[in-house]
Each structure stands twice: as C-alpha cells, then as structure tokens.
Amino acid sequence: MSESIVPPEVRPKPAVPAKPPHVAAPSPTAPHGPSGLGGGVGVDRVPGLGHSGSGSTLLGYIGIDTIIEQMRKKTMKAGFDFNIMIVGHSGLGKSTLVNTLFKSQVSRWSSGWGGEHKIPKTVEIKAVSHVIEEGGVKMKLTVIDTPGFGDQINNENCWDPISKYINEQYEKFLKEEVNIARKKRIPDTRVHCCLYFISPTGHSLRQLDIEFMKHLSRVVNIIPVIAKSDTMTPDEKNEFKHRVRKELETYGIEYYPQNEFDDDMEDKNENDKIREAMPFAVVGSDKEFQVNGKRVLGRKTAWGVVEVENPNHCEFALLRDFLIRSHLQDLKEVTHNIHYETYRARRLNDNGGLHPISANNTQDSNL
C-alpha cells in the first residue's frame, strides 16, 4: 500500500524572522507544491524567491527591500557630479540663470571673474566647480561657460572649441577606463547637459543657432531655452516657441529628451509633455523683491516685478523641475550610455583598440 501524501497546507512551515511593521503582508495567491518546488524539471525553487515568468509567495520577511537603503547610503558616501555647459552670445543672462537655478553664486562671474575681463576675441572655455549641499546630499557642480561665442563679426566654426572640449572630456574618461591600474572611481568631467540660449527676437533662429545645434546635438544633451523672455508679450512668446520647434524639426536637430531614448510608455508620456513645452521661455534673477508681503526672486520693471518662479510670468520653474528634480540622473545616464559610448566605439574602431596604460606608463597589451 502506497504511503499517504501529506497535504501541503498541513505540513509544518519553517521558522522565519518576523517582518518589520512597515512591510505589507504577502498575498497568498501562488500555491506551493508538496515539497515547495516549482513545476520545472530539475529546477529547485527556494521559498520566497521567484523565477522568470511566475511569482512566489514569501513565507516571511527576508529584507530585500533594504537594497534601496543600501544603495542610497553607498551613493551618498560617494557623492554626485553634475557638469552643465552654458552657451549663447553675451548679454543673454547665462550666468544669472545658472545662479538662479542653483540658488547659489556658481557662475564664473561670481567666482573671481570680474567685470574688468573683456569679451575674448575667440571662444574660450571657462569651468568653475563648487560643492553644494542640500538635505545631506552633496553634489560637485561644474559650470562650463563659453565666453566669446557668437560675439564676433565672423562666427564661422565658432563651435569647434566647444566640440573639442566635450570630446576631450570623453577622451580623458576613456583613457582612465583603459588604464591597467585605474582608479576605483573615475573622475567624471564629461558634459552632462548644454543649455543653449536663444535670443528673444520673436522671429526665427539665427543661422548660428541652427549650425551649433546641428553639430553639437550629436555629442551632448542640448536643452534650448529662450533667454529674457519677459521682453516679449505672451502671444509673441507662444508664437516664437512654436516657430523654433518647427525649425528644429525641419533641420533635423535633436534636443534632449530625445524620442528614441524613452524607455517605456510612462517615460514617453512625461517626455512628450516636456517636448511640447520646449524651448522653455525663461527669466533669471538673483535679486529679491517684496511682492504681496513675500520675498520673491524677480526682475523689476517700470510696470511691476517679473517673478522668476511664477509660472504665469515665465517657465523658469518648469526648466528647474525638469533639469534638476526629474531628469538630472537621466541626463547623466544618456551621456554615459549614448554619447560617451558612441565616442568610445568610434575611437576603438578608428585606432584598432586603445593601449592600456599601466602604473609605470608601459603599454603591455590591447584593450
């Protein structure tokens, strides 16, 4: 006579740790077999763990949810880097806008660059780094300014120094990667975002705007913004924004966030709303004024104060939320996974592989 099979529901369960009060109870939806194994041939399943194509009921608290906290602590210790480049001809308020974005004096003019410095005859690259902290989170912010861009009579190929600088940072990162004795954490000086300032003409993009974005959109995340938008009426602003979007589409200029980088439908829906609002018509100011009993950042005019953070006055708040609060990490990931990887693949293909550099600078083998 065959042995009787004990039903699974009456078998004694192994002792498990009690779950913390904040962890929800598991839902008893997936039944277990007599021995706690899955139906696959030769595949053991550990209680509490699932496999591809099916779920599993946890018998008790394991602690998987602490992974997020572990990652947070590790990342907090390492800190963050964010490198932002600002491009546009002088007088558009580039430095002021960056100071307003981070509510700190982070531009080159507030970091030792005085008014006695004249506009250079050629495009120069000026990078200033600061460590800013908020809520215990430290971030090394580097602002890369491009004085002299678009300010000359002949601006032919004036984007070349900017393109060269961006590629130099990719090259520097690549050389660190192929070192035999490379650093545990490679310093990241790559440009994660380029804010391109468009003059509030109300007509159309300049040829320089088109050529710059056509050349640089292939190597860096470009975010176009309309500077000093308070110089236009609301109707003029909306018409100008629509005309700029049409021109960008006509010339095949891709700006961040690019359609092909949307990971899922949720990202697509969110990014579609952002793309419809771009280019952001912004106003920057690091001066405070009293308005209705409150201190606000704004620009004082003859007819009142243009409030920087008031969405009825400009789109600065949209730009800040998009750039810092929702897409900062994605900007870094697109830079690393798309722009840098494109540069890396091209370099390795062109040169037949880079030679790793050992600690004593000997070239022993290929990548």
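If only one of Val128, Val123 is within 18 Å of Val98 (Cα to Cα) and either open to solvent by less than 50 Å² (accessible area, probe 1.4 Å) or touching a residue at least 60 places away in the same chain (Cβ under 8 Å) (or both), which one is it? Outline the logic, then answer.
Working: Val123 fails: within 18 Å of Val98 (Cα to Cα).
Just a single option satisfies the conditions, and that option is Val128.
Tell me, please, whether a residue that is in a loop (DSSP other than H, G, I, E, B), open to solvent by 80 Å² or more (accessible area, probe 1.4 Å) and at pLDDT below 95 can be found in region 314-336.
Applying the first criterion (in a loop (DSSP other than H, G, I, E, B)) to region 314-336 yields 314-315, 327.
If we keep only those that are open to solvent by 80 Å² or more (accessible area, probe 1.4 Å) as well, we get none.
Checking region 314-336: not a single residue is in a loop (DSSP other than H, G, I, E, B), open to solvent by 80 Å² or more (accessible area, probe 1.4 Å) and at pLDDT below 95.
Determine if region 147-162 includes at least one residue that is part of a helix (DSSP H, G or I) and surrounded by fewer than 18 Cβ atoms within 10 Å (Cβ to Cβ). Talk me through it step by step, then tell me what you get.
Within region 147-162, the subset part of a helix (DSSP H, G or I) is 160-162.
Adding the requirement that they be surrounded by fewer than 18 Cβ atoms within 10 Å (Cβ to Cβ) leaves 160-161.
Yes; the residues of region 147-162 include at least one that is part of a helix (DSSP H, G or I) and surrounded by fewer than 18 Cβ atoms within 10 Å (Cβ to Cβ).
So which of Val191, Val219, Val225 ends up being open to solvent by less than 40 Å² (accessible area, probe 1.4 Å), within 30 Å of Lys74 (Cβ to Cβ) and not in a helix (DSSP H, G or I)?
Val191
Step by step: first the residues of region 257-302, then only those that are part of a helix (DSSP H, G or I) and of a type in the set (S, T, N, Q), then the one that is farthest from Pro200 (Cα to Cα). Which residue is that? Don't jump to the end; show me each part of the working.
Within region 257-302, the subset part of a helix (DSSP H, G or I) is 259-261, 265-277.
Filter once more, so that each one left must be of a type in the set (S, T, N, Q): 259, 269, 271.
Numbers: Asn259: 26, Asn269: 29, Asn271: 24 Å.
Checked region 257-302; the qualifying residue farthest from Pro200 (Cα to Cα) is Asn269.
Exactly one condition in (1) out of contact with any strand residue (DSSP E or B) (no Cβ under 6 Å at 6 or more places or on another chain); (2) β-branched (Val, Ile, Thr); (3) within 18 Å of Phe197 (Cβ to Cβ) is not met by Ile153; state its number.
(3)
What are the pairs, 6+ residues apart or on separate chains, where a residue within region 189-207 that is touching a residue at least 40 places away in the same chain (Cβ under 8 Å) and aromatic (Phe, Trp, Tyr) has its Cβ under 7 Å from a residue that is open to solvent by less than 30 Å² (accessible area, probe 1.4 Å) and part of a loop (DSSP other than H, G, I, E, B)?
What qualifies is Tyr196/Gly88; Phe197/Gly88; Phe197/Leu92; Phe197/Ala227.
Given the criteria surrounded by 15 or more Cβ atoms within 10 Å (Cβ to Cβ), farther than 20 Å from His89 by Cα and free of Cβ contacts under 8 Å to residues at least 12 places away in the same chain, does Asp262 qualify?
Numbers: surrounded by 15 or more Cβ atoms within 10 Å (Cβ to Cβ): yes; farther than 20 Å from His89 by Cα: yes; free of Cβ contacts under 8 Å to residues at least 12 places away in the same chain: yes.
When the stated conditions are applied, Asp262 passes them.
List pairs: first residue in region 290-317 and closer than 17 Å to Phe102 by Cα, second residue open to solvent by 70 Å² or more (accessible area, probe 1.4 Å) and not in a loop (DSSP other than H, G, I, E, B) anywhere in the structure, Cβ distance under 9 angstrom, at least six positions apart or on different chains.
Sorted first by the residue in region 290-317, then by its partner, the pairs are Val296/Glu288; Val296/Gln290; Leu297/Glu288; Gly298/Glu288; Glu307/Arg299; Val308/Arg299.
When you scan region 228-252, how many residues do you find that are surrounded by fewer than 22 Cβ atoms within 10 Å (Cβ to Cβ), in contact (Cβ under 8 Å) with a residue 24 or more places away in the chain and within 17 Å of Gln207 (Cβ to Cβ)?
5
Within region 194-212, identify whether any single residue is open to solvent by 40 Å² or more (accessible area, probe 1.4 Å), closer than 30 Å to Leu141 by Cα and in contact with a helix residue (DSSP H, G or I) (Cβ under 9 Å, 6 or more places away or on another chain), and answer yes or no. Before you say what the answer is, go through the steps one by one.
We begin by selecting, within region 194-212, every residue open to solvent by 40 Å² or more (accessible area, probe 1.4 Å); these are 201, 203-204, 206-207, 211.
Now drop any that are not closer than 30 Å to Leu141 by Cα, which leaves 211.
Keeping just the survivors that are in contact with a helix residue (DSSP H, G or I) (Cβ under 9 Å, 6 or more places away or on another chain) gives none.
Among the residues of region 194-212, not one is open to solvent by 40 Å² or more (accessible area, probe 1.4 Å), closer than 30 Å to Leu141 by Cα and in contact with a helix residue (DSSP H, G or I) (Cβ under 9 Å, 6 or more places away or on another chain), which makes the answer no.
The values are calculated or read from the model by the stated rules, or taken from the named source; none is laboratory data. No experiment lies behind these values; they were computed from the predicted model shown. Counting neighbours? That spans all protein chains shown, and the Cβs are built from the backbone with ideal geometry, glycine included. Surface areas here come from the heavy atoms of the whole protein model, side chains and all, with no ligands, DNA or RNA. Shrake-Rupley method; radii C 1.70, N 1.55, O 1.52, S 1.80 Å.
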